[in-house]
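What follows draws every value from the coordinates through simple rules; no lab data is involved. No experiment lies behind these values; they were computed from the predicted model shown. Positions of Cβ are backbone-derived with ideal geometry, glycine not excepted, and every protein chain shown enters the neighbour counts.
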Amino acid sequence: MLISPAYAQAAGGGGDIFSAILPLVLIFAVFYFLLIRPQQKKMKEHRSMVENVRRGDTVVTGGGIIGRVTKVKDEATIQVEISENVRIDVIKGTLTEVRTKSQPADGSAPAAATQQKGGIFGMFGSKK
């Protein structure tokens, strides 16, 4: 006959377990270094920023409201003055940015306030 008989191939069950798990481990490593680790670092920085908010700091809330902290009520709530004699209570976790840090109680300047600001011109030593 013209058609030759087809024989079943042997099942490939004898493969190496290491070669089967290696791609999964590599995918997890890539996800960890590109997604998980940077997100954890960002969360840690945000938690530190929120814990260090003090009276006199200029803050930005999640809704885009900019104001000056007038009172730290408790560990979760602060009072922010958004206009003259207009004060609102804000949950600390909703803060997205602390723009201006107030002076510490001992009178020494914070590290960010002592740096010269000048954008790209400050890098090269020229003035605006």
Query - Computed lengthening from residue 24 to residue 3, 0.36 nm per intervening residue step minus Cα-Cα distance - result: 3.3 nm
Report task. Sum up the charges of everything whose Cβ sits under 15 Å from the Cβ of residue 37, counting Lys and Arg as +1 and Asp and Glu as -1, but leave residue 37 out. Result -> +2
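How charged is the neighbourhood of residue 56? Take every other residue with its Cβ under 9 Å from the Cβ of residue 56, and add Lys/Arg as +1 and Asp/Glu as -1.
Details: positive: 54, 55, 68, 101; negative: 57.
After counting each charged neighbour, the total is +3.
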Query raised in the report: If the cut-off is a Cα-Cα distance under 17 Å, which aspartates and glutamates reach residue 42, setting aside same-chain residues fewer than 8 apart in sequence?
Result: 51, 97
Report summary line: Expressed in nanometres to one decimal, the distance between label points 7 Å along Cα→Cβ at residue 70 and residue 99 is 1.8
**Report entry** Sorted by Cβ neighbour density within 10 Å, fewest at the top, the residues 54, 99
**Finding:** 99, 54
Report task. Write down the radius of gyration of the range 25-102 and its Dmax, each obtained from C-alpha positions, in Å. Result -> 16.0, 58
